[in-house]
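The values are calculated or read from the model by the stated rules, or taken from the named source; none is laboratory data. Remember, predicted model here, so these are calculated numbers, not experimental data. As a convention, Cβ positions derive from the backbone with ideal geometry for all residues, glycine included, and neighbour counts pool all protein chains shown.
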Amino acid sequence: MPAFSLDPSQTAWCAELRDLAAERLRPLADKGEPGHVNRPLVAELGRLGLLERLFTSGAFDLCLMRESLAHSCTEAETALALQGLGAHPVHAHGTRAQRERWLPRVAEGSAVAAFALSEPGAGSDAAALELRAEGDAAGEGDAAGEGGSPAAEPDGPARWRLTGEKCWISNAPEADFYTVFARTTPDAGARGVTAFLVPADRPGLTGTGLDMLSPHPIGSLSFDAVPVTADDVLGEPDRGFRVAMGTLNLFRPSVGAFAVGMAQAALDATLVHTAERDAFGGKLRDLQTVAHQVAEMALRTEAARLMVYAAATAYDEKAPDVPGRAAMAKLLATETAQYVVDSAVQLHGARALRHGHLLEHLYREVRAPRIYEGASEVQRGIIAKELYATMEAGQ
């Protein structure tokens with residue numbers, strides 16, 4: 001792995017992204033309704049060409065985008081990331097028809113994507129999925145949606161019917177299509193899962209928004225015999241777990257980049273505050289305990305950044321140790337961001353707890369990444385599994 005130092009063009013691009021996020025995306029984010037998809041914000045990401053880069057750039061550039069946007073506008077960062085998470089399986093595993101129908105709309109910001117993996121009883125244990133894809137023996141695909149709209153029907157006869165629930169799904173229930181993972185072979189664990197591209201207007205598909213700590217659009221989905229065809233499959237039947245894990249291996253390091261962006265924003269705010277705040281006959285920065293705390297915040301943020309960059313580079317170079325590196329990057333960066341933001345709140349005092357303060361916002365935002373796309377405990381399990389597998393392979 002190379003030592004990581006951004007070249008001048010990368011540094012300039014990151015600065016440009018931070019400025020765009022502050023000047024053009026932040027105003028749109030402020031106008032959004034908490035808990036709902038902010039379509040004007042998504043459309044602006046499309047106009048700026050950032051959504052298209054989800055499909056033309058590697059993991060390293062994705063991390064630079066997420067880190068830079070998160071520094072100035074976490075809502076814009078999240079909107080971009082969710083588009084990528086929901087649409088990447090289509091980009092990587094979709095048929096030509098699937099890609100041509102959906103990816104241009106995702107890139108321009110006119111279609112909202114969602115990644116539907118988690119369930120009420122299968123969050124961290126993704127192999128325990130219970131959403132059933134049951135064979136439709138009749139193959140008639142005659143289920144009717146509300147109002148009987150023919151536009152909601154699949155293009156061909158239904159081969160399966162999806163029945164069950166998904167929960168904690170970002171962009172649900174307002175997305176235009178979902179990458180859905182369902183069990184096609186009972187009692188087969190990870191081997192019996194298939195990935196489907198399911199348009200939101202399919203009959204039998206309904207959803208409800210959830211009121212969460214962070215103001216992101218998150219909801220649950222209910223599948224009542226939702227028809228899907230062979231043309232809706234992403235990849236191969238019973239091989240959907242590979243689709244899910246491949247997507248997560250790409251996006252886990254970039255979750256770490258999101259966390260690093262938040263940590264850097266908290267650190268920058270703390271540097272300004274401690275340099276200006278009068279306390280005990282001097283400035284806060286003059287107190288050794290404060291100075292050492294700020295140094296520790298900076299140290300951990302930079303360490304997390306380097307690990308994120310290393311994991312992203314490993315992904316781009318198709319290195320064999322991507323799962324372990326991705327897990328390490330996600331784990332270290334999200335835990336670090338929690339520490340840095342919490343420390344920043346402590347050094348700012350009560351003012352940081354007021355609604356509308358940057359750190360109050362970051363404090364609410366920083367908690368979720370330690371859970372989604374695999375909780376910290378899951379990442380430790382992945383790391384240990386990869387370590388032992390590497391040891392045994394070398395024996």
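Does Met212 count as closer than 24 Å to Arg364 by Cβ and outside the structural domain of Val366 (by TED's automatic domain parsing)?
Working: closer than 24 Å to Arg364 by Cβ: yes; outside the structural domain of Val366 (by TED's automatic domain parsing): yes.
So Met212 fits the description; yes.
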**OP:** Find the residue count for segment 197-233, including only residues that are more than 30 Å from Gly32 (Cα to Cα) and part of a strand (DSSP E or B).
**Re:** 6
Subject >> Number of the exception - Arg191 against (1) assigned to a strand (DSSP E or B); (2) more than 30 Å from Cys63 (Cα to Cα) >> reply: (1)
**OP:** Residues being touching an Asp or Glu at 6+ places or on another chain (Cβ under 7 Å) and assigned to a helix (DSSP H, G or I): count how many of those fall in segment 13-50.
**Re:** 6
**OP:** Might you let me know whether segment 277-288 holds any residue that is in a strand (DSSP E or B) and within 30 Å of Trp102 (Cβ to Cβ)?
**Re:** no
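Could you list, in sequence order, the residues of segment 57-96 that are acidic (Asp, Glu) and either within 25 Å of Ala269 (Cα to Cα) or outside any helix (DSSP H, G or I) (or both)?
The initial filter retains those residues of segment 57-96 that are acidic (Asp, Glu), namely 61, 67, 75, 77.
Once the filter is applied, which keeps residues that are acidic (Asp, Glu) and either within 25 Å of Ala269 (Cα to Cα) or outside any helix (DSSP H, G or I) (or both), segment 57-96 yields Glu67, Glu75, Glu77.
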Subject >> Only listed residue being buried (at least 17 other Cβ atoms within 10 Å of the Cβ), over 22 Å from Asp316 (Cβ atoms), in contact with a Cys (Cβ under 8 Å, 6 or more places away or on another chain) and not polar (S, T, N, Q), chosen from Glu67, Glu75, Glu44, Glu119 >> reply: Glu119
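Conditions tested, residue by residue: (1) at negative phi; (2) at pLDDT 95 or above; (3) in contact with a Ser or Thr (Cβ under 8 Å, 6 or more places away or on another chain).
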position: Leu197; (1), (2), (3): yes, yes, yes
position: Thr208; (1), (2), (3): yes, yes, yes
position: Leu213; (1), (2), (3): yes, no, no
position: Gly219; (1), (2), (3): yes, yes, yes
position: Phe223; (1), (2), (3): yes, yes, yes
position: Pro227; (1), (2), (3): yes, yes, no
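Do you know which residues across segment 136-188 are modelled with pLDDT under 70 and either surrounded by fewer than 16 Cβ atoms within 10 Å (Cβ to Cβ) or outside the structural domain of Leu117 (by TED's automatic domain parsing) (or both)? Talk me through it step by step, then tell me what you get.
We begin by selecting, within segment 136-188, every residue modelled with pLDDT under 70; these are 137-152.
Within segment 136-188, Ala137, Ala138, Gly139, Glu140, Asp142, Ala144, Glu146, Gly147, Gly148, Ser149, Pro150, Ala151 meet the criteria.
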